[in-house]
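Trainee: Input: one structure, supplied below.
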Amino acid sequence: MVWRKPGLAVFAIIFGGGAMAEIAGEEKKSGSGFMSRETQAMQADDTSNPGMFSVLDGERLWREPVGPAMKSCASCHGDAEVSMRGAAARHPAFDETSGKAIDLAGRIKLCRRDKQTAEPFPRGSEELLALTTYVGTQSRGMPVAPPVDERLTPSRENGKRLFEARIGQLDLSCASCHDDNWDKRLGGSPITQAHPTGYPIYRLEWQSVGSLQRRMRNCMVGVRAEPYEFGSQEFIDLEAYLNTRASGLAVETPGVRP
Amino acid sequence: MTARALINAPKTARKGDIIEIRAMIAHKMETGYRQGPNGQMIPRDIINRFVCTYGGAEIFSADLFPAVSANPFIAFSTVATESGTITFAWTGDDGQTQTATAEIAVN
C-alpha cells in the first residue's frame, strides 16, 4: 500500500487502518480537477458544454405559466439570475413544512405542486433536470455554503453514517474510495473526492444530463448494493452530508463528466 | 424551424484571418441498435448530414453516422473573406432540416 503522507501512515497504524481521515482543506479538489484537459475544456466553454441545452430548456420552463392559476416560476421569483443566485449553493436546506432536509430538485417539485398547483415533474424527468440545472447554474462560481442550521444536523449525521457504511456484495462504503483512495484510479478512471459541485451534470457515458442521485445509484450498483429510490430520505441525507464535505468549493453546474 | 443549437463563431474578423467555427445541436442521436424496456428495438433517429455555408457558398459539410454521440459538436476553421451570414443546416433521418445562422463582419 502506498501512503500519501507519513502522518497518515502513523495515524493508520495507531488505529489499525480502520478509520481514515477526512480530506484536508488544502487537498480538497472538485471532480473537474481529476478530468482530462479535453473534458475540462468542454465544461468551461458554454458553446461546447452540452449541459447548456438543459439550461436553455430550464430557462424556457422558468417562464412558462402552468396550472389553474397560470403561474410560472418567474411570476413569483422574477429574474432567476437575481433570485436564484446562491440557491444551489445552500441546498439541501431545511424544509419548515415537512420538518426535514430537502434538496434543490425536491424544492422545485414542492414549489410546482403547492405554489403553481401543477403536476410536479417526476425525479429524473428531463423537465425537472432542466429546471434544476437552470437554477443550479445561477450559483456558478459561488462557494458551496451549507446553511448553518442545527435542524440539518440529524440529516447530515445520517448522511455521514451512510457514506461510511459498507454496503453491497463488494462490501465497500463510499468512503472506501472517495475518502481513502481518491488519489488512485479504479479501472483506469480517476477516483474523485465525491464533491457534488457540478450537479446536475452532463455525463458523456449517459449522453444526457443527470442528477446526483442518479450518479449515486450508479456507484451503488457498482458495489452491487440495492440502490435507494430516487428522492428517498437516504439520498437527501447523503446530499446534505456531501455538501458540508464540499463546503467552500465553487459550484460548477452544469458540470461535464466522463 | 429554429434549431436548438449553440454556435460559436467570431462576430468580427480581419480579411484573411483564419477563424474557428463551432456548432453543437441538441439531438439524441438514437443509434437504432438499442432496445427499449419492452425489448423492442428503438428505431434509428440521427442527424445524418451537416452543411455550413458562408455567403451562400458551402465551406464545410459532414456525413454523420450512428456512432456519433448525442448532441453532436462540430468544429472547423475557414478563412474570413467577406462580411455576411454563416448558415448551419442539420438534416435528420426524418428528412427535416434545422438551421441556425451567425453574422460575421469582416474588415
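The values are calculated or read from the model by the stated rules, or taken from the named source; none is laboratory data. Just so it is clear, the model here is predicted, and its values are computed rather than measured. Cβ coordinates were reconstructed from backbone atoms using ideal geometry, including for glycine residues, and neighbour counts include every protein chain displayed. In case anyone asks, the SASA skips ligands and DNA or RNA and just uses the protein heavy atoms, side chains included. Shrake-Rupley method; radii C 1.70, N 1.55, O 1.52, S 1.80 Å.
Trainee: Please build a GNM for chain A, connecting alpha carbons under 10 Å apart, and tell me which residue among A:M70, A:M220, A:M52 fluctuates the most.
Mentor: Comparing A:M70, A:M220, A:M52 in the GNM, the peak value goes to A:M70.
Trainee: Just flag the GluC sites (Glu not before Pro) in region B:1-97 sitting in loop per DSSP whose Cβ has no more than 11 other Cβ atoms within 10 Å.
Mentor: Passing both the DSSP loop test and the Cβ count: B:E82.
Trainee: Hey, got the average number of other protein chain Cβ atoms within 10 angstrom for residues in A:37-49?
Mentor: Shielding by partners across A:37-49 averages 2.
Trainee: So, one more: Take the alpha carbon gyration tensor of region B:5-106, find the square roots of its eigenvalues, order them as a ≥ b ≥ c, and report rounded if a/c is under 1.5; if not, report prolate when a/b exceeds b/c, else oblate.
Mentor: Verdict is prolate for region B:5-106.
Trainee: Dipole magnitude of the protein assembly as shown about its Cα centre, charges +1 at Lys/Arg Cβ and -1 at Asp/Glu Cβ only, in debye to the nearest 20?
Mentor: The dipole of the protein assembly as shown has a size of about 360 debye.
Trainee: Which pairs in the list A:K160/A:K184; A:K29/A:K184; A:K100/A:K160 are over 20 Å apart, alpha-carbon to alpha-carbon?
Mentor: A:K160/A:K184
Trainee: Right, here's the next one. Take every DSSP beta bridge whose two residues both sit in region B:5-106, then give the antiparallel share in percent to the nearest 5.
Mentor: Given both bridge residues lie in region B:5-106, the antiparallel proportion sits at roughly 95 percent.
Trainee: Right, here's the next one. Roughly how much of A:R166 is accessible, in Å² to the nearest 10, using a 1.4 Å probe?
Mentor: 150 Å²
Trainee: Continuing with this model, one more query. State the answer as a single residue: which of A:W182, A:G33, A:F163 lies farthest towards the positive end of the charge dipole of chain A, with beta carbon charges of +1 for Lys and Arg and -1 for Asp and Glu, about the Cα centre.
Mentor: Checking the options against the dipole of chain A, the answer is A:W182.
Trainee: Quick check for you: which residues of region A:123-164 have the amide N under 13 Å from the point 7 Å beyond the Cα of A:D95 toward its beta carbon?
Mentor: Within reach of a label on A:D95: A:123.
Trainee: Separate question: Which net charge results when you count Lys and Arg as +1 and Asp and Glu as -1 among the other residues whose beta-carbon is under 12 Å from that of A:I108?
Mentor: Net of charged neighbours comes to +3.
Trainee: Once you've got the GNM for chain A with C-alpha springs shorter than 10 Å, pick whichever of A:A225, A:A194, A:A87 has the biggest mean-square fluctuation.
Mentor: Per the Cα network of chain A with a 10 Å cutoff, A:A225 tops the list.
Trainee: Cut-off under 17 Å on the C-alpha distance; same-chain residues fewer than 8 positions from A:K115 excluded. Which lysines are left, in chain and number order?
Mentor: Leaving aside lysines fewer than 8 places away in the same chain, those within reach of A:K115 are A:K71.
Trainee: Let me spell out the model: positive unit charges on the Cβ of Lys and Arg, negative unit charges on the Cβ of Asp and Glu, origin at the Cα centre of chain B. What dipole size does that give, in debye rounded to 20?
Mentor: Charge dipole of chain B: 220 debye, to the nearest 20.
Trainee: Reachable lysines from B:K28, Cα under 26 Å, same-chain residues fewer than 8 places away excluded?
Mentor: The reachable lysines, counting only those whose Cα sits under 26 Å from B:K28, are A:K109.
Trainee: Hey, any idea what % of chain A's accessible area is carbon plus sulfur with a 1.4 Å probe?
Mentor: On the way: 7010 of 12720 Å².
Here carbon and sulfur together make up 55 percent of the probe-accessible area.
Trainee: Could you check which residue among A:S72, A:S98, A:S208 shows the biggest mean-square fluctuation in a GNM of chain A with a 10 Å Cα cutoff?
Mentor: A:S98
Trainee: Shifting gears a bit: With all distinct Cα pairs included, what does the Kirkwood hydrodynamic radius of the protein assembly as shown come out to in Å, to one decimal, could you say?
Mentor: Hydrodynamic radius (Kirkwood, Cα only) of the protein assembly as shown equals 22.8 Å.
Trainee: Non-local amide H neighbours of B:F60 (under 5 Å, H modeled in plane, Pro and chain starts lacking H): which ones?
Mentor: B:C52
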